[in-house]
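A.B. asks: Before I ask anything, here is the structure I am working with.
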Protein chains: 2
Amino acid sequence: MGHERATLADVARRAGLSKTAASMVLNGREGTRLSAEAHQRVFAAAEELGYRPNVAARSLRTRKTATIAFVSDIVATTRFAGGLIRGALDAARERDHVLLITETQGDATFERYAIEAILDRQVDGVIYAAMATRRLAVPPAILGGSVVLLNATSPESLPCVLPDDEGAGAMVAETLLAHGHRDRIALIGRNRPKERDPEISLAADARLRGIRATLAAAGVSLLAEGFCPEWLPEHGYAAMRTLLDRPTRPTAVICMNDRLAFGAYQALGEAGLTIPDDLSVISFDDDPIAAWLRPGLSTAALPHEQMGRRAVEVLLDGGAGGASFVPMPLRRRRSVAAPAG
Amino acid sequence: MGHERATLADVARRAGLSKTAASMVLNGREGTRLSAEAHQRVFAAAEELGYRPNVAARSLRTRKTATIAFVSDIVATTRFAGGLIRGALDAARERDHVLLITETQGDATFERYAIEAILDRQVDGVIYAAMATRRLAVPPAILGGSVVLLNATSPESLPCVLPDDEGAGAMVAETLLAHGHRDRIALIGRNRPKERDPEISLAADARLRGIRATLAAAGVSLLAEGFCPEWLPEHGYAAMRTLLDRPTRPTAVICMNDRLAFGAYQALGEAGLTIPDDLSVISFDDDPIAAWLRPGLSTAALPHEQMGRRAVEVLLDGGAGGASFVPMPLRRRRSVAAPAG
DNA sequence: CCACGTCGCTAAACTGATTTAGCAGAGCAT
DNA sequence: ATGCTCTGCTAAATCAGTTTAGCGACGTGG
């Protein structure tokens, strides 16, 4: 921009009308009695001057900023965040809004700071996101405005957007059943009650619920449940090894996420077993690594983009009050086959 | 916030002073002749009322918004973006600024839209980020304000922040030399000239430059250069296999990034070779997967957080005019050892 | 005693939009 | 001629700050 920006007053002057008229025309106000000719003159003037309203001035008066705050505990930095943000960004753009991003890093001071920055800027709404599905304490200061929780729930029963982990669990179990697996399906990644990480337990519980219910409906129950303190490859590796030491080897293994599955792949590789011929593996998340593994890992994808998108929709279009579940589509790759023999 | 926010006028009234006085005190203006007592009264009043200035009103007058736009072609969605954003977020917070995030997705319409949104909001500066180091066409509209390129360069010779790929190349080569590797060092991931992907070629060239220069200084040259159309695991896998088919097997392999290295690991695993006993592997990026591989992959880390941070620093603190290189630290894990026998 | 400078502070303008209140003129009925 | 409504438009207030210009009191030197 070399020269100054045109203001509403410039537009009005050029159109030979008042600022009031120009404002009303440009905002498409109903019920105004301005002539068709006045409309045309204003539009023409605005066009010629390349007029764009000054957001600060407008929001000073209207208290609307066309801005959404995206507050996350620690999301923005993780791989999982990317999709959430991208989806939110897309949906926001479609509604002429913009995203202000903040991270609390789980630190109370940073959180307070972030909330203040948000309140100072009078954002139109807040998306409060958590890195992993969990229960969140929402700072009361932002409860005044509209808030949507993303990948989290809260005691305040605010609207929230969650992945349909239970449905995904059902689908995963269904898939194994459909391939003919029955009594020798094992699971890797259940948390020991004492070690339950609040950050993953909600997702874990829901997935497990879906799995168990579906298997039970087919008269099947899990052969074994490998416990893992966390969901990292090394834990999947260890769990897989102990699983292989058992007298009856499973025909299929459900991993609670792709990192565990990666560890399981490593253990199977070392044991000289082939996926899916000797053993099928299926998992959750659709981490990029799932596509890179050999063979590709079948997994129920966390629909990050859809979730980010939905959060904005609920916030701006005023969706349902309660929880909004986004389906987790199954990515079918080569890691699942019929059991040997 | 149950009740209304206090305004400057409220503070002034409570302090028994004018808005002017309150404004000057709170902004710490030098050269004003307000008494020490006046200062105290204003501070006390502001404190008691929990006063926070209205950003819209302030920026209407000052044309400063304490907001930085983070525009990326496609960054925000990728894993690489996370660190950039997080670093920028931290540095921005330290300077009482906030980040407005936008994505162009490489689409001209989206880009125009993003630029307009940014100009409308009168951001104080723009960080223009690219997903992979490359040359970028900066839209002229934002050249009026201050711009910093992140992970990209441009013909306009704007200030930019880049990873020190050449230094990393040198360090990687140095590391192999230090372990005793000499004439049997191979490379995976060079691009064929025709297939050069503009998105990665800059980084690739710099890394290669560093590698070659360091080896040359030791009187060594690369045993072989495995070409790869892209930098994905499958290409690393293929390149490693053809490398193993050669008469003289390398003692060490440099992969141009961790995904290629992952593919190389897979090929080595299938060939029954052990890392690092039979062959050392070293790489670039420090993708999360590098830590998950068995053995852990030694790799020169892309310092995303530092880069994001530096971008904000250059933008706000007015750093050097030219390019600012951020060192890539080597993450030493277990994939490098002395050559066998 | 007056001119002048300094001190401590304030009134009012200003930023660029939205919104309220209301004005002038035309048309119509009485 | 008067009162009424309706039409098409505008003046001015408002949002919450920052900034400019300047006012009254006091001290001082001539």
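The values are calculated or read from the model by the stated rules, or taken from the named source; none is laboratory data. This one's a predicted model, so the numbers in the text were calculated from it and none came from an experiment. Note that each Cβ is placed from the backbone with ideal geometry, even for glycine, and that neighbours are counted across all protein chains shown.
A.B. asks: In the list A:LEU273, A:LEU268, which residue meets the criterion of being in a helix (DSSP H, G or I) and of a type in the set (A, V, I, L, M)? Working first, answer last.
C.D. replies: On the way: A:LEU273 fails: in a helix (DSSP H, G or I).
Step by step, each of A:LEU273, A:LEU268 is checked, and only A:LEU268 is in a helix (DSSP H, G or I) and of a type in the set (A, V, I, L, M).
A.B. asks: With the requirement that a residue be over 23 Å from B:GLY82 (Cβ atoms), out of contact with any His (no Cβ under 8 Å at 6 or more places or on another chain) and either within 13 Å of chain A (Cβ to nearest Cβ) or not small (Gly, Ala, Ser) (or both), what does the stretch B:102-138 give you? Break it down into steps so the answer makes sense when it comes.
C.D. replies: Of the stretch B:102-138, the ones over 23 Å from B:GLY82 (Cβ atoms) are B:108-109, B:112-113, B:115-116, B:119-122, B:124, B:135, B:137-138.
This time we only want the ones that are out of contact with any His (no Cβ under 8 Å at 6 or more places or on another chain), so: B:108-109, B:112-113, B:115-116, B:119-122, B:135, B:137-138.
B:THR109, B:ARG112, B:TYR113, B:ILE115, B:GLU116, B:LEU119, B:ASP120, B:ARG121, B:GLN122, B:ARG135, B:VAL138, listed by residue number.
A.B. asks: Right, A:ALA76: at pLDDT 95 or above, of a type in the set (A, V, I, L, M) and in a helix (DSSP H, G or I) or not? Full working, then the answer.
C.D. replies: On the way: at pLDDT 95 or above: no; of a type in the set (A, V, I, L, M): yes; in a helix (DSSP H, G or I): yes.
Taking the combined requirement at face value, the residue does not satisfy it.
A.B. asks: Kindly provide the set of residues from the stretch A:241-258 that are β-branched (Val, Ile, Thr), surrounded by 24 or more Cβ atoms within 10 Å (Cβ to Cβ) and in a loop (DSSP other than H, G, I, E, B), ordered by number.
C.D. replies: From the stretch A:241-258, those β-branched (Val, Ile, Thr) are A:242, A:248, A:251, A:253-254; that's our starting set.
Applying the additional criterion that residues be surrounded by 24 or more Cβ atoms within 10 Å (Cβ to Cβ) yields A:251, A:253-254.
Residue satisfying the conditions is A:THR251 alone.
A.B. asks: Name the one entry in B:ALA44, B:ALA36 that is more than 10 Å from DNA strand C (Cβ to nearest atom), surrounded by fewer than 16 Cβ atoms within 10 Å (Cβ to Cβ), hydrophobic (A, V, I, L, M, F, W, C) and over 38 Å from the mean Cα position of the chain (by Cα). Show your work before the answer.
C.D. replies: On the way: B:ALA36 fails: more than 10 Å from DNA strand C (Cβ to nearest atom).
Residue meeting the stated conditions: B:ALA44.
A.B. asks: Can you go through A:PHE325, A:PHE284, A:PHE227 and tell me which one is surrounded by 22 or more Cβ atoms within 10 Å (Cβ to Cβ), more than 14 Å from chain B (Cβ to nearest Cβ) and aromatic (Phe, Trp, Tyr)? Quick ask: steps written out before the conclusion?
C.D. replies: Values: A:PHE325 fails: surrounded by 22 or more Cβ atoms within 10 Å (Cβ to Cβ); A:PHE227 fails: surrounded by 22 or more Cβ atoms within 10 Å (Cβ to Cβ).
None of the others qualify; the one that does is A:PHE284.
A.B. asks: Name the residue, out of B:ARG41, B:ARG29, that is out of contact with any strand residue (DSSP E or B) (no Cβ under 6 Å at 6 or more places or on another chain), outside the structural domain of B:LEU84 (by TED's automatic domain parsing) and either at positive phi or modelled with pLDDT under 95 (or both).
C.D. replies: Details: B:ARG41 fails: either at positive phi or modelled with pLDDT under 95 (or both).
Unique residue meeting the criteria: B:ARG29.
A.B. asks: Name the residues in the stretch B:139-185 that are surrounded by fewer than 19 Cβ atoms within 10 Å (Cβ to Cβ) and within 14 Å of chain A (Cβ to nearest Cβ), would you?
C.D. replies: Answer for the stretch B:139-185, where residues must be surrounded by fewer than 19 Cβ atoms within 10 Å (Cβ to Cβ) and within 14 Å of chain A (Cβ to nearest Cβ): B:PRO139, B:PRO140, B:ALA141, B:LEU143, B:GLY144, B:GLY145, B:SER146.
A.B. asks: Failed condition for B:ARG310, given (1) within 24 Å of the chain's Cα centre (by Cα); (2) assigned by TED's automatic domain parsing to the domain that holds B:ASN191, with all others met?
C.D. replies: B:ARG310 satisfies all of (1) within 24 Å of the chain's Cα centre (by Cα); (2) assigned by TED's automatic domain parsing to the domain that holds B:ASN191 except (2).
A.B. asks: List the number of the failed condition for A:GLU30; all other conditions in (1) of a type outside the set (Gly, Ala, Ser); (2) more than 9 Å from DNA strand C (Cβ to nearest atom); (3) assigned to a helix (DSSP H, G or I) hold.
C.D. replies: Of (1) of a type outside the set (Gly, Ala, Ser); (2) more than 9 Å from DNA strand C (Cβ to nearest atom); (3) assigned to a helix (DSSP H, G or I), only one is false for A:GLU30: (3).
A.B. asks: Sticking with this structure for a sec: Listed residues A:LEU99, A:LEU60; which is at the interface with another protein chain (Cβ under 7 Å from one of its Cβ atoms) and closer than 25 Å to A:ASP286 by Cβ?
C.D. replies: On the way: A:LEU60 fails: closer than 25 Å to A:ASP286 by Cβ.
Just one listed residue meets the conditions, A:LEU99.
A.B. asks: Across the stretch B:1-24, which residue is nearest to the other protein chains (Cβ to nearest Cβ) among those that are farther than 27 Å from A:ALA141 by Cα and more than 9 Å from DNA strand D (Cβ to nearest atom)?
C.D. replies: Filtering first and then ranking leaves B:LEU17.
A.B. asks: Taking the stretch B:79-123 only, how many residues are in a helix (DSSP H, G or I) and farther than 18 Å from B:PRO140 by Cβ? Show your work before the answer.
C.D. replies: Within the stretch B:79-123, the subset in a helix (DSSP H, G or I) is B:79-94, B:108-120.
Checking the rest, the ones that are also farther than 18 Å from B:PRO140 by Cβ come to B:79-94.
Result for the stretch B:79-123: 16.
A.B. asks: Could you please give the count of residues in the stretch A:134-183 that are over 23 Å from A:ALA204 (Cβ atoms), modelled with pLDDT under 90 and among the β-branched types (Val, Ile, Thr)?
C.D. replies: 1
A.B. asks: Quick check, is B:SER59 touching a residue at least 60 places away in the same chain (Cβ under 8 Å) and under 22 Å from B:HIS97 (Cα atoms)?
C.D. replies: Values: touching a residue at least 60 places away in the same chain (Cβ under 8 Å): yes; under 22 Å from B:HIS97 (Cα atoms): yes.
When the stated conditions are applied, B:SER59 passes them.
A.B. asks: Can you spot a residue in the stretch B:70-89 that is within 32 Å of the chain's Cα centre (by Cα), at the interface with chain A (Cβ under 10 Å from one of its Cβ atoms) and without any contact (Cβ under 8 Å) to a residue 24 or more places away in the chain?
C.D. replies: no
A.B. asks: Please find, among A:VAL126, A:VAL161, the residue that is under 26 Å from A:ALA56 (Cβ atoms), outside any helix (DSSP H, G or I) and touching a residue at least 40 places away in the same chain (Cβ under 8 Å).
C.D. replies: Testing whether each residue is under 26 Å from A:ALA56 (Cβ atoms), outside any helix (DSSP H, G or I) and touching a residue at least 40 places away in the same chain (Cβ under 8 Å) leaves just A:VAL126.
A.B. asks: Tally up the residues in the stretch A:296-321 that are crowded, with 20+ Cβ neighbours inside 10 Å, touching a residue at least 40 places away in the same chain (Cβ under 8 Å) and closer than 24 Å to A:ARG207 by Cα, please.
C.D. replies: Qualifying residue count for the region: 13.
A.B. asks: Could you check the stretch A:223-256 and list, in sequence order, the residues that are hydroxyl-bearing (Ser, Thr, Tyr) and free of Cβ contacts under 8 Å to residues at least 24 places away in the same chain?
C.D. replies: To start, the set of residues in the stretch A:223-256 that are hydroxyl-bearing (Ser, Thr, Tyr) comprises A:237, A:242, A:248, A:251.
Answer for the stretch A:223-256, where residues must be hydroxyl-bearing (Ser, Thr, Tyr) and free of Cβ contacts under 8 Å to residues at least 24 places away in the same chain: just A:THR242.
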